[in-house]
1. Pairs under 7 Å by beta carbon, first residue closer than 16 Å to residue B:70 by Cβ in region B:8-19, partner assigned to a loop (DSSP other than H, G, I, E, B) and acidic (Asp, Glu), six or more apart or different chains?
2. For region A:54-91, name all the residues that are touching a residue at least 24 places away in the same chain (Cβ under 8 Å) and acidic (Asp, Glu).
3. So in region B:71-119, with the set limited to residues that are β-branched (Val, Ile, Thr) and away from chain A (no Cβ under 14 Å), which one is nearest to the chain's Cα centre (by Cα)?
4. From the list A:6, A:39, pick out the single residue that is more than 22 Å from residue A:68 (Cβ to Cβ), surrounded by 16 or more Cβ atoms within 10 Å (Cβ to Cβ) and either in contact with a strand residue (DSSP E or B) (Cβ under 8 Å, 6 or more places away or on another chain) or modelled with pLDDT under 95 (or both).
5. May I ask you to list the residues in region A:71-110 that are more than 22 Å from residue A:43 (Cβ to Cβ), within 14 Å of chain B (Cβ to nearest Cβ) and of a type in the set (Val, Ile, Thr)?
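The values are calculated or read from the model by the stated rules, or taken from the named source; none is laboratory data. Since this is a predicted model, take the numbers as computed values, not measurements. Cβ coordinates were reconstructed from backbone atoms using ideal geometry, including for glycine residues, and neighbour counts include every protein chain displayed.
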Amino acid sequence: QSVLTQPPSVSAAPGQRVTISCSGSTSNIGNNYVSWYQQLPGTAPRLLIHEDNKRPSGIPDRFSGSKSGTSATLGITGLQTGDEADYYCVTWDSSLSAGLFGGGTKLTVL
Amino acid sequence: EVQLVESGGDLVQPGGSLRLSCAASGFTFSRYWMTWVRQAPGKGLEWVANMIHDGSLINYAESVKGRFTISRDNAKNSLYLQMNSLRAEDTALYYCARVSFEDEGMDVWGKGTTVTVSS
C-alpha cells in the first residue's frame, strides 16, 4: 500500500483527454513538489513533469501537471496509442525523510 | 551524451551481499544529487536511497535502512549501492537516476541492473 494513492488504471479513446490523480498528505504532497514519470513497457521511466507543473525540454505540451492541497494531477490531452504506459507520481516526504512513488496508473488508449 | 550505466546485478542467495555501480558520463557528476530506484518484477517503482552531490547527506527508504549503503566517488563519476543481508523481496531491477529538480525530479535514468535473491 503506497503512501501516495493513484488509481490503478484509467482509459480513454484516442484524441481524448485523461487525468491521473495522486493523493497524499501534508508531509509529502502538501509541502513538497510533485513530479510525474511515464514508463513505457520494458523501458526506464521518463520525466514528464517536475516541480508540480513544469515540463522538461522535449516533453510535449499535451502533458500538464497541477496541484491543490495534498493532491496532484497529471493531465494528458490529444491521447495517442503511444501514450499507453504506466504513470507514476513522486514527491519527497518530510516526515520520513525519503522519496515516495505512487503505486502507478496504467493508461489504456482504447 | 548524458548517460548513466548500471552494473553489478547478479543472482545471490538470501543473506548475501552485492555491490551495484552506476557510471555517469556527459555531465558534471559532482554537481548532482543521485538516487537509486528499484522495480520488482511486475510491480511499481520504489524509491531506495539518495545522496547529495558531495556525499554529506544521505537518505534511505525504511525497507532498506541498515542493510543498504549508498556512496559515490566523484573523481570516478560513479555512484554505488552496497546491499547486505539480501532478502527475496529485494529482487528487482535497480535504476540509478540523476536528480535535477527539487524533491526527486529525476531527469536522467540508466537502463537498470537486475538483482535476483534466491536459493
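1. Close Cβ pairs satisfying both conditions: B:18/B:10.
2. Selection gives A:83, A:84, A:86.
3. Per the criteria, the residue is B:115.
4. A:39
5. If the condition is that a residue be more than 22 Å from residue A:43 (Cβ to Cβ), within 14 Å of chain B (Cβ to nearest Cβ) and of a type in the set (Val, Ile, Thr), then A:91 is the only one that fits.
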